[in-house]
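Structure first, commentary second.
FYI, it's all coordinate maths here, none of it is from the lab. Please read all numbers here as calculations on a predicted model, not as lab measurements. Note that each Cβ is placed from the backbone with ideal geometry, even for glycine, and that neighbours are counted across all protein chains shown.
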Amino acid sequence: MTEELVNRYKELLRKFNVPLEKSLVSGDGRIELMGRRWILMDVSAFPEHMIKTTAGFMGEKLAREFIYWFGYGYGEVIAERHLKLGMPRGLIPQFVAALSSCLTGWGVVEILEANFEEGRLTVKITNDFEVESALKGGSEPSNNFMRGVLAGGFAKLIGAKTHATAEVKDGVTIIRVTRR
C-alpha cells in the first residue's frame, strides 16, 4: 500500500514538473545516507540561530511546543506559497503530502480526510522521521514539527485558527487538525 501511494504521489508531482529523478527518497519515504536516516530542510525556514537559541535553556515541554509552533509558521508559508502559485486550495494538502513523501524524507504522508468546510484534516504518516528520532534518543514517540506544519498550513487554507494532535499507534502516526 505504501509503495502504491508513493507512486501515485510521483505521478501528481510530475504533472507540476517536480524533478523526481534527483530524489534521494526511497519507496518507503526514507532518505538513507552513510548509514543514517536524513531529512531535507528548506534553509530559509530553518535558520541556524533559531535552533541555537532553544538549545540548553528550555525545558522539554516548552521545547516541544516551540517545535510545534515553528512547524505551524512553516506550514503557513508553504500553503501561502502554493496559493500564490495558483494551485487550487483543495489540491494543496495532497500536493504537500506528495512532496513530503517523495522528496523530503519525513515519511509517507497519506491524507485520510481533508474537510475544508468543517475544518478537519486527518493525516497518517508511515515511517515518521520524528517518531524514529525520538525512539533512537530514548524518548517516547512524538510528532511536533510536522503536526505544526499541518496545523499551520490547514489554518491558512481554511482562514481560521487550528490545533493539531498526534497519536502514535501500531507503527504509524495519526495527526488530527481541527478548527479552533
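Largest mean-square fluctuation among M87, M146, M58, in a Gaussian network model of the chain whose springs join Cα atoms under 10 Å apart, belongs to M58. Applying 0.36 nm per residue to the separation of W69 and S133 and subtracting their alpha-carbon distance, the gain on full extension is 21.2 nm. Relative contact order, whole percent, for the chain stands at 25, derived from Cα pairs under 8 Å and 6 or more residues apart. In plain terms, the chain is cut at each of the GluC sites (Glu not before Pro) found in a DSSP loop with at most 14 other Cβ atoms within 10 Å, and the longest leftover piece is 1-116. Highest GNM mean-square fluctuation, the chain, Cα pairs closer than 10 Å: which of G148, G75, G137? Fluctuation is largest for G137. Of the options (1) 15.8, 51; (2) 14.8, 43; (3) 15.7, 46, only one is Rg and Dmax of the Cα atoms in Å as computed from these coordinates, and that is (3). Please return the longest stretch of the chain lacking exposed loop sites, where chymotrypsin sites (Phe, Trp or Tyr not before Pro) count only if DSSP places them in a loop and at most 13 other Cβ atoms lie within 10 Å. Result, exposed sites excluded: 58-180.
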